[in-house]
1. Which pairs have Cβ atoms under 6 Å, sit 6 or more apart or on different chains, and link a residue in the range 93-111 that is more than 9 Å from residue 79 (Cβ to Cβ) to one that is part of a loop (DSSP other than H, G, I, E, B) and aromatic (Phe, Trp, Tyr)?
2. Of all residues in the range 43-71, how many are free of Cβ contacts under 8 Å to residues at least 24 places away in the same chain and under 13 Å from residue 10 (Cβ atoms)?
3. Could you tell me which of the residues 55, 89 is within 30 Å of residue 135 (Cα to Cα), at pLDDT 90 or above and either in a helix (DSSP H, G or I) or not basic (Lys, Arg) (or both)?
4. If we keep just the residues of the range 1-26 that are modelled with pLDDT under 90 and of a type outside the set (Phe, Trp, Tyr), which is nearest to residue 70 (Cα to Cα)?
5. Pick out the one residue from 119, 133 that is touching a helix residue (DSSP H, G or I) at 6+ places or on another chain (Cβ under 7 Å) and not acidic (Asp, Glu).
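The values are calculated or read from the model by the stated rules, or taken from the named source; none is laboratory data. None of the values given here were measured: they were computed from a predicted structure. Every residue, glycine as well, gets a Cβ built from its backbone with ideal geometry; the counts of neighbours run over all protein chains shown.
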Amino acid sequence: MKIKNAKDFWAGAMFVAFGLGFAIVARNYPMGSGVRMGPAYFPTVLGLLLAVLGLAILVHSFASAHTRVPPFKFRPLILVLIAIGLFGLLLKPLGLVLATFILVIVGALGGHEFRWRDVLILASILAAFGVLVFNYGLSLPFNIWPAALG
């Protein structure tokens, strides 16, 4: 069989993977019954429904309009994961503002268009928003700047 609709194929595959993943992880909890639901009941049922929906979309991708299946691009995925990891590692020593700038810059390198001006504007807005929400709004004890700066 030949894939005729790439978007439906990848969306269906993603739904099946996430649905089965939730159902498998939920096996570690007690299921309960329909009347007295345990902690595994909702994620199992929802995960299986998501997997069935994904399977229907996946099957439909072989019958609908013909489009070329694009190759999966690992670079954006890897750079976004690296950016998130760097943020977690650098938040305490560098502070919220600089860690946010590094997060946005490294994450933006994974995109197909990278413009320094746009990235720096976005990083500034996100850093200011983070400081307002987490430091002033929620009073969380994050360093805003590196410890040496204040």
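1. Hits for this filter: 95/145; 96/142.
2. Residues meeting the conditions: 1.
3. One residue alone meets the criteria, 89.
4. 6
5. It is 119.
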